[in-house]
Amino acid sequence: MTRPFNFSAGPANLPEAVLKQAAAEMLDWHGSGMSVMEMSHRGKEFISIYENAEADFRELMVVPKNFKILFMQGGGLAENAIVPLNLSRGGSADFVVTGSWSDKSQKEARKYCDVQVSATTESRAFTSLPPLDTWQLRRDASYVHICTNETIHGVEFQELPDLRALGSDAPLVIDFSSHVASRPVDWSRVGLAFGGAQKNLGPAGVTLVVVREDLLGHALSVCPSAFNYKTVADNESMYNTPPTYAIYIAGLTFQWLKQQREGKATGIKAIEKHNAAKAQLLYDAIDSSQLYFNKVSKDCRSRMNVPFFLRDESRNDAFLAGAKARDLLQLKGHKSVGGMRASIYNAMPLAGVQALVNYLQEFEQKHA
Ligand SMILES: *Cc1c(COP(=O)(O)O)cnc(C)c1O
C-alpha cells in the first residue's frame, strides 16, 4: 500500500519505518507478551525503552552532560506556563515575538512574572526576524524567550542568537516544537529548550524539555510538583506516569534519525541536508511561479513550514480539491493567515515534496 503524502502541521506524518515497527511490535514487544501500552512504567521493559530513548536523543543532538532531558506532558502551551513557574524566580522575563507562538508564550508568562516584549515583527505581519541589535534586553531578566521556528508564519532562526554578545547573561529559552531534531542545536547558546513531539518526533502527548542543570531548583512555591523541572529530573521523568507509548514512538524516531545518511553526513547532519534540499525545491517552485507566492524574507524562511498563497484566492478550493485527488493531504493554511501551508517535517520524503511541486506546476498551467 502506498500512503498519501501528508503535509499536516501537527500532529504530523511519521516515518513509515517507525509506524511499521510499532505495528509489528503492537501485541508483543520483544517477546515480553505485552504491548508497550500495557507495561508498568517502572518495569525493566519500559525502563529500557526510556533509557534508550534518552540516550539516543542525547547522542543524536549532541546534548552536553550538564543538560537534563525530560519527557513531560502538557505540550508547548503548558510549557508557556511551566517555564516562568520554574525560571522566572518571580522576577522578569524578556520575549522576542516573531509570530503566533512566541506571542502566546509572552501572554501566558504575564501570569507569573514581569514580561517585556524586547523586539517584535508584528508590524511586518511576522514575515521577518528583528535584527539582533534592536533587541531591548534587560540586565535583570531571568530568561529570554524566543520561538526558533514559527509554525504558523513559517519563520525560522537559521542561527541561535548569542545573548552574551548582546550584553545579556540571561539563559536563552527556545520553543523548538516544530523543528526539533531537524537540524543541530548550538547548546552553548541555550539554557532551556522545549518542544511537543507531535510535529517532528512522534505522537501528541509527550513534551521534550532539555534544561541546563543550574536552572533547576528555583521554581516558585506554587509550581505544581509534576511540573517542577527539578522534581521531574530527580525522578527520571517518572514522578508521575509518563506518556509511555508516546515516549516509545519518539524513541523509534530517534533510532530512525540516527540511521539517516546523506553523502558523508549521518544522523542529524544528514537529516538537515535532506530538509534543506526539500525546502529549496519547494521555495524555488513557489518563487519561480506566477500564481503562488510566499511572504517571508528569504533569510529566515522555515525549512519545516512553508506557507504560500495563490494570487487568485478564488481558486483556493479548487487547488485543495485537486491536491486531495492526488493524495496530497492537509495543505490548507492556518485560519489566522489563510492560504496554504505545506509542512515538510523530517518524515516527509523528498518524493512527497516533488509530488507537491509537480502538482503546483500542473495546477498553474491549467489555470494560466
Ligand atoms: C504546536 C506548537 C505549540 C503547541 O503545542 P501543544 O502541544 O498544542 O501545546 C507550541 N509552540 C510551537 C512552536 C508549536 O508549533
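The values are calculated or read from the model by the stated rules, or taken from the named source; none is laboratory data. Small disclaimer: the values here were computed from a predicted structure and weren't measured. Using ideal geometry, Cβ is built from the backbone for each residue, glycine included, and neighbour counts are taken over all protein chains shown. SASA here: full protein model, heavy atoms, side chains in, ligands and nucleic acids out. Shrake-Rupley method; radii C 1.70, N 1.55, O 1.52, S 1.80 Å.
Its DSSP H runs of at least 4 residues, each contributing -39,500 (n - 2.57), put the calculated 222 nm mean residue ellipticity of the chain at -10500 deg cm²/dmol, to the nearest 500. Peptide packing: for 259-272, 181-194, the average count of neighbouring Cβ atoms within 10 Å per residue gives the ranking 181-194, 259-272, highest mean first.
Based on protein heavy atoms only, region 17-257 ends up with 40 Å² per residue of surface accessible to a 1.4 Å probe. For ARG341, the residues 5 or more places off, or on other chains, whose built amide H falls under 5 Å of its own are PHE308, LYS332, GLY333. Could you look at the chain and say what percent of its accessible area is carbon and sulfur, using a 1.4 Å probe and all protein chains? The computed percentage sits at 50. Once the C-beta distance of ASP28 and ASP284 is scaled by a Förster radius of 35 Å, the resulting FRET efficiency is 0.15 to the nearest 0.05. In whole percent, what relative contact order does the chain give with Cα contacts below 8 Å and a gap of six or more residues? Reported as a whole number, the value is 22 percent. Taking all Cα pairs closer than 8 Å and separated by 6 or more residues, the relative contact order of region 57-199 comes to 23 percent.
Total lysine pairs in region 1-137 at Cα distances under 29 Å, for residues eight or more apart or on different chains: 6. Summing charges over all other residues whose Cβ lies under 11 Å from the Cβ of GLY263, with Lys and Arg as +1 and Asp and Glu as -1, gives +3. Per residue, region 261-367 exposes 48 Å² of accessible surface when a 1.4 Å probe is rolled over the protein heavy atoms with every protein chain present. Count Lys and Arg as plus one, Asp and Glu as minus one, and take only other residues whose Cβ is under 13 Å from that of PHE57; the net charge is then -1. Sorting the segments 326-332, 226-232 by their residues' average number of neighbouring beta-carbon atoms within 10 angstrom, most packed first, yields 226-232, 326-332. Label-to-label distance, LEU329 versus ARG58, with points set 7 angstrom from Cα along the beta-carbon direction: 3.7 nm.
Computed from the C-beta positions of GLN158 and VAL117 and an R0 of 25 Å, the FRET efficiency is 0.70 to the nearest 0.05.
Hull volume per residue, based on the alpha-carbon atoms of the chain and their convex hull, is 141 Å³. Across all Cα pairs in region 263-368, the calculated P(r) in 10 Å bins from zero up to the longest distance comes to 14, 49, 29, 7, 1 percent per bin. On a 30 Å Cα-Cα criterion, which of the cross-link pairs LYS298/LYS332; LYS264/LYS295; LYS278/LYS335; LYS230/LYS264 come out too long? The pairs that break the limit, which is 30 Å between Cα atoms, are LYS264/LYS295; LYS230/LYS264.
Projecting label points 7 angstrom from Cα along Cα→Cβ for SER188 and MET238 puts them 3.6 nm apart.
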